[in-house]
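Chemist: Please see the structure below; I have some questions.
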Amino acid sequence: MSPKHVVFKKVSRDKSVTVYMAKRDFVDHCDFVDPVDGVIVIDPVQLKGKKVYVMLSCTFRYGRQDMDVMGVAFRRDLFLVTRQVYPELQDKEKLTHTKIQQKLLRKLGNNAFPFFFEFPDNLPCSITLQPGLSDVGKKCAVEFEVKAFCGENQDEKIDKQSSVRLTIRKIQFSPEDSKLLPSAETTFEFLMSEKPLHVKLSLPKETFYHGEPLKANVEITNSSSRNIKDISLSVEQVTHVILYSNDKYVKSVAKEETSDSVPCGTSLKQEYTLHPLLAYNKDRRGLALDGRLKHEDTNLASSSIVKQEVLKEVQGILVSYKVVLRMVASGESDDMVFEEFKRAYLKGVVYGDDDESPTDA
């Protein structure tokens with residue numbers, strides 16, 4: 001038996017158009033991005049002579065969908081392209097790019113038509129800020145959507161009864177090919193102490209995938225006259241909302257607190273393990289996530305990779321991570337903070353959706 005492929009299907013309310021897509025997650029591999037492809041099935045009787053279009057859009061949203069302050073809508077279209085599917089402008093064979101499309105066209109009959117889009121190089125990945133328990137409506141996010149609709153022309157107002165909207169995600173993946181071993185060190189000098197405190201923080205690699213534990217190596221040589229205690233490490237997510245507000249959010253997504261100490265004249269060499277997972281942060285408002293498909297779980301947002309010659313301002317939201325080491329020195333009123341940046345990229349995973357029912361192709 002040939003393996004079955006899950007296909008997502010969504011039908012308009014008046015049954016005039018139906019969209020079929022083989023996947024909802026499209027991976028940015030750094031040097032290329034998976035294209036968006038699918039098939040639309042039309043009902044000529046319900047169309048009543050109208051044309052059928054399909055649209056791919058990328059939107060940055062800052063606030064609720066209906067939010068409007070002094071005439072300024074808190075949303076911006078970062079990318080928008082519309083193509084006519086029916087009546088055909090080209091033969092189906094020229095518009096068919098994948099084997100799944102070919103299989104669907106054979107199965108769905110003469111009223112099925114393919115569509116195909118390629119992402120430009122300057123688009124961000126899907127990111128949404130996790131809402132609080134009392135938040136309602138759409139919040140701050142970079143969202144991608146495929147919309148199919150019918151009309152006399154593509155510029156007329158879209159009738160919700162004869163349109164289909166399907167949320168998709170553009171997600172980041174980075175192959176683990178970097179030979180860079182992140183490492184940083186510093187020296188603290190104390191008043192009334194002849195010798196310093198030397199601290200080194202290092203990571204075994206630069207790239208970490210979702211669900212993978214992060215191991216951090218700490219080396220402390222305490223030649224000072226102060227005692228070091230209460231060593232703790234954390235992974236912090238740094239989110240820059242760079243359109244409209246230029247806000248910055250720093251939130252801890254994993255933390256390891258210890259009672260480890262380094263008395264004066266001694267040293268410590270220790271490996272600590274951290275688990276930066278959304279499962280431990282589900283109720284934390286404002287965390288950046290890898291987009292969210294309806295009724296489905298997701299991950300902490302992957303680190304943003306801004307390609308050369310691409311303006312950061314059109315990215316909407318930028319995400320990075322850092323590992324922070326904190327410790328207390330006797331006689332000091334404040335914690336000493338030492339940090340080392342890391343990256344975390346996503347290994348692509350495909351999710352389904354209860355609203356857009358999957359079928360077997």
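The values are calculated or read from the model by the stated rules, or taken from the named source; none is laboratory data. From a predicted model like this one, the values you see are computed outputs, not experimental measurements. All Cβ positions, even for glycine, are placed from backbone atoms using ideal geometry, and neighbour counts span all protein chains on display. The accessibility values were calculated without ligands, DNA or RNA, using every heavy atom of the protein model including side chains. Shrake-Rupley method; radii C 1.70, N 1.55, O 1.52, S 1.80 Å.
Chemist: Of (1) in a strand (DSSP E or B); (2) at pLDDT below 85, residue 292 satisfies all except one. Which?
Modeler: Just one mismatch for residue 292, condition (1).
Chemist: Quick one: count up the residues across segment 209-222 that are open to solvent by 10 Å² or more (accessible area, probe 1.4 Å) and either within 16 Å of the chain's Cα centre (by Cα) or of a type in the set (Val, Ile, Thr) (or both).
Modeler: Count: 4.
Chemist: Looking only at segment 257-289, count how many residues are part of a loop (DSSP other than H, G, I, E, B) and charged (D, E, K, R).
Modeler: Counting residues in segment 257-289 that are part of a loop (DSSP other than H, G, I, E, B) and charged (D, E, K, R) gives 5.
Chemist: In segment 174-204, how many residues are closer than 30 Å to residue 265 by Cβ and either touching an Asp or Glu at 6+ places or on another chain (Cβ under 7 Å) or open to solvent by less than 80 Å² (accessible area, probe 1.4 Å) (or both)?
Modeler: 17
Chemist: Next question, about the same structure. So how many residues does segment 266-289 have that are open to solvent by 60 Å² or more (accessible area, probe 1.4 Å) and either at pLDDT below 90 or touching a helix residue (DSSP H, G or I) at 6+ places or on another chain (Cβ under 9 Å) (or both)?
Modeler: Total meeting the criteria: 6.
Chemist: Residue 254 - would you say it is assigned to a strand (DSSP E or B), of a type in the set (Gly, Ala, Ser) and under 28 Å from residue 174 (Cβ atoms)?
Modeler: Considered against the rule, which asks whether it is assigned to a strand (DSSP E or B), of a type in the set (Gly, Ala, Ser) and under 28 Å from residue 174 (Cβ atoms), residue 254 comes out as yes.
Chemist: Out of 242, 171, which single residue is open to solvent by less than 40 Å² (accessible area, probe 1.4 Å), within 30 Å of residue 59 (Cα to Cα), at pLDDT below 85 and touching a Leu at 6+ places or on another chain (Cβ under 8 Å)?
Modeler: 242
Chemist: Okay, next question. Out of 8, 32, I need the residue that is aromatic (Phe, Trp, Tyr) and free of Cβ contacts under 8 Å to residues at least 60 places away in the same chain. Which one?
Modeler: 32
Chemist: So, one more: The conditions are (1) modelled with pLDDT of 90 or more; (2) open to solvent by 10 Å² or more (accessible area, probe 1.4 Å), and residue 122 fails exactly one of them. Which is it?
Modeler: Unmet condition: (1).
Chemist: Here is a check on your reading of the model: is residue 99 modelled with pLDDT under 90, open to solvent by 30 Å² or more (accessible area, probe 1.4 Å) and more than 28 Å from the chain's Cα centre (by Cα)?
Modeler: No.
Chemist: Further, regarding this structure: Pairs under 9 Å by beta carbon, first residue outside the structural domain of residue 190 (by the TED database) in segment 215-244, partner modelled with pLDDT of 90 or more, six or more apart or different chains?
Modeler: From residues that are outside the structural domain of residue 190 (by the TED database), there are no pairs.
Chemist: Filter segment 12-25 down to residues that are at pLDDT 90 or above and hydrophobic (A, V, I, L, M, F, W, C) and give me whichever is farthest from residue 291 (Cα to Cα).
Modeler: Among those that are at pLDDT 90 or above and hydrophobic (A, V, I, L, M, F, W, C), it is 17.
Chemist: Assess whether residue 326 counts as being at pLDDT 75 or above, surrounded by fewer than 21 Cβ atoms within 10 Å (Cβ to Cβ) and not in a loop (DSSP other than H, G, I, E, B).
Modeler: yes
Chemist: For segment 142-160, which residues satisfy the criterion of being exposed (fewer than 13 other Cβ atoms within 10 Å of the Cβ) and more than 30 Å from residue 130 (Cα to Cα)?
Modeler: 152, 153, 155, 156, 157
Chemist: Related question: Restricting the first residue to segment 144-166 and requiring it to be within 15 Å of residue 77 (Cβ to Cβ), which pairs with a second residue that is among the small types (Gly, Ala, Ser) and assigned to a strand (DSSP E or B) meet a Cβ separation below 8 Å and a spacing of at least six or different chains?
Modeler: From segment 144-166, the pairs are 144/57; 145/57; 146/38; 147/57; 147/163; 158/151.
Chemist: Pairs under 7 Å by beta carbon, first residue in contact (Cβ under 8 Å) with a residue 24 or more places away in the chain and in the same structural domain as residue 297 (by the TED database) in segment 260-284, partner open to solvent by 60 Å² or more (accessible area, probe 1.4 Å) and small (Gly, Ala, Ser), six or more apart or different chains?
Modeler: That search, which allows pairs on different chains as well, returns 264/225.
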